[in-house]
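The values are calculated or read from the model by the stated rules, or taken from the named source; none is laboratory data. Predicted model, so just to flag it, every value in this text is computed and none were measured. All Cβ positions, even for glycine, are placed from backbone atoms using ideal geometry, and neighbour counts span all protein chains on display. Protein only, heavy atoms only, side chains kept; ligands, DNA and RNA dropped before computing areas. Shrake-Rupley method; radii C 1.70, N 1.55, O 1.52, S 1.80 Å.
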Amino acid sequence: MEYASKHGDGIAFRTLTLQQLKDIHSASCRILDEVGVIVHHDEAADLLKKGGAYIDSKGRTHIPEALIKRALHSAPSRITLYNRLGEPVIWMEKSNVHFGAGSDTLVYLDPFTGERRDWTTEEVATAIRVVDALPQLDFVMSMGLLSDVDKRMINRIQYALMLKNSVKPQVVIAEDAPTVADITEMAAAAVGGREKLKNMPHFVLYCEPTSPLQLPFESVDKLLYAAENKIPVNFACGAVEGASTPVTVAGAVAQANAEALCGLVLHQLKNPGAPFLYGFGGSPLDMRTMVACYAVPEVLLLQGCVCDLSRFYSLPSWGYAGCSSSKDFDEQAIAEATMFTVMGALQGCNLMHDVFYIESGRTGSLELLVLMDEVISRARHILKGVNTTPEYLAVDAVKRVGPGGNYLGDAHTAKHFREKWQPTLSDFSTYSSWEAAGAKSMRERIRERLRSIMQEHKPVPLAPEVEEKIDAVIKQAKDRLGI
Amino acid sequence: MASIKDLTEFVIQADIEKVKETTAALLAAGEDPLKIINEGLIPGINEVGERFKEGNLFVPEMMMSAQAMKAGVDLAKEKIEGADIPNAGTIVIGTVAGDLHDIGKNLVSMMLDSSGFNVVDLGVDVPADKFIAAVKEHKPSIVGLSALLTTTMPAMKEVIDALKESNLRDQVKVVIGGAPVSQAYADEIGADGYAPDAALAVELCKKIA
């Protein structure tokens, strides 16, 4: 159980045995050594070659195990993320769990009318404020793809919206390294300078290989930029099992792990000791409809492998929670998202994203987001485990109350009942009092909560001069791109 | 000896070795290669298509049957001189410039191929001029464009513009697909069709070819 998750007071969860971890690692090393990868980036290819990789006559880069060992040795095993106010709020290591929303959904599911439409800038800003307000969500992402701005500016404007509407750290998608540079500039303005940002990171950059086994130019360019500037970064394949990776869970993990390790090798060659976040996800192809599905049982198993591997490698872990392949905020969405959230918590995944995704990531549901806030709270309570000290075993209380007594009037109950989990949305009243209060369904209560957040929540504002700096970065980018 | 009827069953079973053996034996016995294709092999893949539609068969099984059929067709073709090999139409397909994603495009290619289309797959990161050259060379009825990245979607329009400039636009239908692509985007850039998944892409191509 050495690499199992370990939570409060005895809670542990394991997906793989030590032997299985070694078998997967070995399979991934064989893939990098015997099959190799295609690197579409000259500097990266050069770094790998100088580091000891072999480039064959077909242009494939073969990576020896020694390079992987060296990278695993130099990469830090923990990363702290800071909020916009400079406070440490996310500790990625061991079995710590953190949750956040997702990025770039195509469709906004209006929580009040049920209408599906493209996201506007105003709706994305509102959605980010909702994430800012929800206490169980630890970081923000860009929520939706902006339909009302020039395509080349989407990532930059999304980032400005995140900074203006939330203090929480972010996970960022960017189309290329110049976009990351502008995002870094905006983040530096918000937290108090480049040097501070470098040492107290406020955002994580999301990069991915193109599976199977290709390193596209933009991804690698961003990865190297992140290494150089000590921006925490992942290299997370989104496996489409049966298409971009083998169809079996173990096969998908072996290949995606090879891709992540390959990213790590390159990243550590560029700047040894720079922070790297390990992880990947899966969405197996449904072989009847050819749709890549989120949150199916195999994906939860895959994430269990990711988490155990991350502890085996002593790297912080990246994953998913609170998402679904359902088309609506319905019973399927709740079943899948809840299951993923509870499993992710047990697995001890350090940074879980996509809470609020439905339709396998194409649509965003704020109702699901609000519901998951309470589900996460339930899950976090479970992770505290069971306290078995004498005070909690309560033999003295049992003696006091004795056979046939009632604990309601005992001091032990009064002392500890507040430690019990409390709902923010769920209703524990009697039928008659629930009926008297309007017989509101969970869905109605969720909408009420959303409405009140949207009307009342005011995120900690940026200083006016910081807002100006952010707007100036946006303006300069527009000028550069001729928009 | 196995008959033409048996060939149909071997295609359904995706038994590539038996398809090859039987086709070779039938050809050696002097059977008409076109008859082998039209009455033995193609009815097999049609039946597979029917079973897939009914939900009794999955895409990987369909792919294996298509490979079995092609192995037979390749053997039969060697014996056909001059005659046209029947197909459902030619399509030139590729992932547009700047985009390396080919899973979705490959799925569509494989499924079109399995449905009897002659597919010319140009691969990934295909610039507009390469599409133009392929249209001139292969004279397809359809051009299929794929993009996964929002940033490469504009390259789809560039291909359509290039087709117009080369006076080829009215000779082909342009269909587009990919995760961020929509019917609205197809309308916006003047494409002839859009399909949200690979199975519907095949239906679309059959309809407009």
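When region B:1-43 is examined, which residues are found to be in a loop (DSSP other than H, G, I, E, B) and either within 22 Å of B:SER114 (Cβ to Cβ) or hydroxyl-bearing (Ser, Thr, Tyr) (or both)? Those that are in a loop (DSSP other than H, G, I, E, B) and either within 22 Å of B:SER114 (Cβ to Cβ) or hydroxyl-bearing (Ser, Thr, Tyr) (or both): B:SER3, B:GLN13, B:ALA14, B:ASP15.
Do we have A:GLY402 as open to solvent by less than 90 Å² (accessible area, probe 1.4 Å) and at pLDDT below 95 here?
no
Pairing each residue of region A:365-379 that is open to solvent by 10 Å² or more (accessible area, probe 1.4 Å) with any residue that is in a helix (DSSP H, G or I), provided the two are 6+ apart or on different chains, yields C-beta distances under 6 Å for A:LEU371/A:ILE446; A:VAL375/A:THR338; A:VAL375/A:THR341. Regarding B:PRO43, is this residue in contact with a Gly (Cβ under 9 Å, 6 or more places away or on another chain), surrounded by fewer than 23 Cβ atoms within 10 Å (Cβ to Cβ), farther than 28 Å from B:LYS130 by Cβ and not hydrophobic (A, V, I, L, M, F, W, C)? Answer is no for this residue.
Taking the criterion of being basic (Lys, Arg) and out of contact with any helix residue (DSSP H, G or I) (no Cβ under 8 Å at 6 or more places or on another chain), would at least one residue in region A:431-443 satisfy it? Taking every residue of region A:431-443 in turn, none turns out to be basic (Lys, Arg) and out of contact with any helix residue (DSSP H, G or I) (no Cβ under 8 Å at 6 or more places or on another chain). Take the conditions on the phi < 0 side of the Ramachandran plot, in a strand (DSSP E or B) and either away from chain B (no Cβ under 14 Å) or buried (at least 22 other Cβ atoms within 10 Å of the Cβ) (or both) and apply them to A:TYR278. Does it pass? In short, yes. Report yes if A:PHE112 is crowded, with 22+ Cβ neighbours inside 10 Å, of a type in the set (Phe, Trp, Tyr), at pLDDT 95 or above and in the same structural domain as A:ALA189 (by TED's automatic domain parsing), otherwise no. No; evaluated as a whole, the condition is false for this residue. Residues of region B:182-200 that are away from chain A (no Cβ under 11 Å), open to solvent by 50 Å² or more (accessible area, probe 1.4 Å) and farther than 26 Å from A:SER244 by Cβ: B:ASP187, B:GLU188, B:ASP192. Are any of the residues in region A:56-77 in contact with a helix residue (DSSP H, G or I) (Cβ under 9 Å, 6 or more places away or on another chain), surrounded by fewer than 22 Cβ atoms within 10 Å (Cβ to Cβ) and closer than 30 Å to A:ILE376 by Cα? Yes, because at least one residue in region A:56-77 is in contact with a helix residue (DSSP H, G or I) (Cβ under 9 Å, 6 or more places away or on another chain), surrounded by fewer than 22 Cβ atoms within 10 Å (Cβ to Cβ) and closer than 30 Å to A:ILE376 by Cα. Residues in region A:111-155 that are part of a strand (DSSP E or B) and over 19 Å from A:ILE358 (Cβ atoms): A:PHE139, A:LEU146.
Condition first: at pLDDT below 90 and touching a strand residue (DSSP E or B) at 6+ places or on another chain (Cβ under 7 Å). Now tell me which residues in region B:90-117 satisfy that. Across region B:90-117, the qualifying residues are B:LEU100, B:HIS101, B:ASP102, B:GLY104, B:LYS105, B:VAL108, B:SER109, B:LEU112, B:ASP113, B:PHE117. Within region A:288-322, the residues that satisfy the criterion of being of a type in the set (A, V, I, L, M, F, W, C), in contact with a strand residue (DSSP E or B) (Cβ under 9 Å, 6 or more places away or on another chain) and within 14 Å of chain B (Cβ to nearest Cβ) are A:VAL291, A:ALA292, A:CYS293. Among the helices (runs of 4 or more DSSP H) confined to region B:95-181, the ones with at least 3 residues that are open to solvent by 40 Å² or more (accessible area, probe 1.4 Å) and within 11 Å of another protein chain (Cβ to nearest Cβ) are located at B:103-114. Within region A:342-364, the set of residues being open to solvent by 10 Å² or more (accessible area, probe 1.4 Å), more than 26 Å from A:ASP110 (Cβ to Cβ) and touching a residue at least 60 places away in the same chain (Cβ under 8 Å) comprises A:LEU346 only.
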